[in-house]
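The values are calculated or read from the model by the stated rules, or taken from the named source; none is laboratory data. Bear in mind the structure is a predicted one, so any value in this text is a computation, not a measurement. Virtual Cβ from ideal backbone geometry, glycine too; neighbours counted across all protein chains shown.
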Amino acid sequence: MHRKELEFHFRSLPGRVIFGNGTLMELANEMDMLGARRAFVVTTPGRSAATRQLEGRFPGRIADIYAGAVMHTPVETTADAERALAASGADILVSIGGGSAIGLGKALALRTDLPQIAIPTTYAGSEATPVLGQSQDGVKTTMQSPKVLPETIIYDVALSSALPARIGVTSAINAIAHAVEALYARDRNPVTSLMAEEAIRRIARAMPVLATGGADADARSDALYGAWLCGICLASVGMALHHKLCHTLGGSFGLPHADVHTVLLPHAVAYNSAAEPEAMARIARALGSDDAAGGLFDLAARHGGPTSLREIGLDAAGIDRAVEIALTNPYWNPEPLTRDGLLALLRDAHAGTRPACRPGR
Ligand code: NAD
């Protein structure tokens, strides 16, 4: 092991995790453990009908269901939900769904300090982090607070079993992106690196099932467990170029979050490859590929994920502005950021060219 990896800081976050198949049935018990009686449940509009079933399963324990969560947690939506929460008399927040639902739960926890139970049904990983992204007038900002970290996460494999193929694949690569950047994070440590490599391996192994929208319990379990590990990576160490570019393109150009991650990840990896040969070797090994960047591109391409910014709606005319925004707030990245380098990266990602790693320095 590289000597540098044996000097590290590691912070573990509090939280209780319930993982399994059918674990949703433990919701009332988990509410009891947090001393709560009635839940304010938040979800996205598409999950409204499925979430209504909670009222039948947990009679008297659901105060209200708010099915208005949307991507990037707009403050107007949070204000609307906060009014409904106050009227409901609930004493706990339960968010069920993808990162959008969990984001709204976090935003409400920040404002009310109520306890939270997160029940993730995609692989985005937000439930494991104390980070909240919010948008106002089209501008997205992020903040960190222990108040937004859910007290309990219930991972129920059954809830992700019907995840449509496109959401499953792109959301899984969104998760892998957290692990990939953890492997070359400035503050990396042997524990998160271990989790990151294992997470990539498990998710890559599950990908053929995710790509058919299949319900195979072992594969769904691998994917959800991997997503949790990726969420811990995201919460524990700093992210770099890839997350910054996704933030820029998602926030400023309104592109779908998980799709942007899927397209950009192989290109960000190629950009950083010469500076981080050990991370590249670990990523490639976990993917069962001989090249980390090419292997990530193939993972998306083979499983029906998007491979170009063009196909997910970025106009080529936006590339120059995206580079400007990405360079506005300098941030750490293993490979120094240059205007020409980022332009080339985004042009390749726009065209959908398969990238390859450069030899390590
Ligand atoms: P999402 O929550 O918007 O979900 C995508 C779609 O999938 C929605 O239409 C949703 O209704 C649907 N869906 C969710 N679960 C489903 C299921 N089991 N079956 C069928 N459909 C289902 O998208 P996402 O990619 O999960 O999350 C993206 C959001 O999360 C972004 O706003 C992003 O910024 C945020 N995020 C935050 C963090 C953090 O740490 N703060 C981390 C990752 C993502």
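Summary table
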| quantity | calculated |
| --- | --- |
| Close pairs from region 62-88: first closer than 15 Å to Gln116 by Cβ and touching a residue at least 60 places away in the same chain (Cβ under 8 Å), partner assigned to a helix (DSSP H, G or I) and within 15 Å of the ligand (Cβ to nearest atom), Cβ under 7 Å, at least 6 apart | Thr73/Gly103; Thr73/Leu104; Thr73/Ala107 |
| Extreme residue, nearest to the ligand (Cβ to nearest atom), among residues of region 83-109 that are surrounded by fewer than 17 Cβ atoms within 10 Å (Cβ to Cβ) and part of a helix (DSSP H, G or I) | Arg83 |
| Test for Leu159: is it within 14 Å of the ligand (Cβ to nearest atom) and either within 30 Å of Tyr331 (Cα to Cα) or outside any loop (DSSP other than H, G, I, E, B) (or both) | yes |
| Residue in region 197-212 that is away from the ligand (no atom under 13 Å from the Cβ), within 27 Å of Ala326 (Cα to Cα) and either touching a Ser or Thr at 6+ places or on another chain (Cβ under 9 Å) or among the basic types (Lys, Arg) (or both) present | no |
| Selection within region 179-207 - within 15 Å of Ala292 (Cβ to Cβ) and not hydroxyl-bearing (Ser, Thr, Tyr) | Ala179, Val180, Glu181, Ala182, Leu183, Ala196, Glu197, Ala199, Ile200, Arg201, Ile203, Ala204 |
| Unmet requirement for Ile203, which otherwise passes all of (1) under 15 Å from the mean Cα position of the chain (by Cα); (2) surrounded by fewer than 24 Cβ atoms within 10 Å (Cβ to Cβ); (3) of a type outside the set (D, E, K, R) | (2) |
| Test: residue in region 61-84 that is under 26 Å from Ala215 (Cβ atoms) and among the polar types (S, T, N, Q) | no |
| Hey, Arg354 part of a helix (DSSP H, G or I), surrounded by 14 or more Cβ atoms within 10 Å (Cβ to Cβ) and modelled with pLDDT of 95 or more or not | no |
| Val131 vs. criteria within 13 Å of the ligand (Cβ to nearest atom) and crowded, with 23+ Cβ neighbours inside 10 Å | no |
| Residues located in region 136-155, provided they are surrounded by fewer than 22 Cβ atoms within 10 Å (Cβ to Cβ), in a strand (DSSP E or B) and more than 17 Å from the chain's Cα centre (by Cα) | Gln136, Val139 |
| Subset of region 110-128 [assigned to a loop (DSSP other than H, G, I, E, B), near the ligand (Cβ under 10 Å from one of its atoms) and not β-branched (Val, Ile, Thr)] | Tyr123, Ala124, Gly125 |
| Filtered residues of region 162-214 (kept if over 20 Å from Ala301 (Cβ atoms), of a type in the set (Ser, Thr, Tyr) and either in contact with a Phe, Trp or Tyr (Cβ under 6 Å, 6 or more places away or on another chain) or not in a loop (DSSP other than H, G, I, E, B) (or both)) | Thr192, Ser193 |
| Test set (1) outside any helix (DSSP H, G or I); (2) modelled with pLDDT of 95 or more; (3) not acidic (Asp, Glu) - Pro266 fails condition number | (1) |
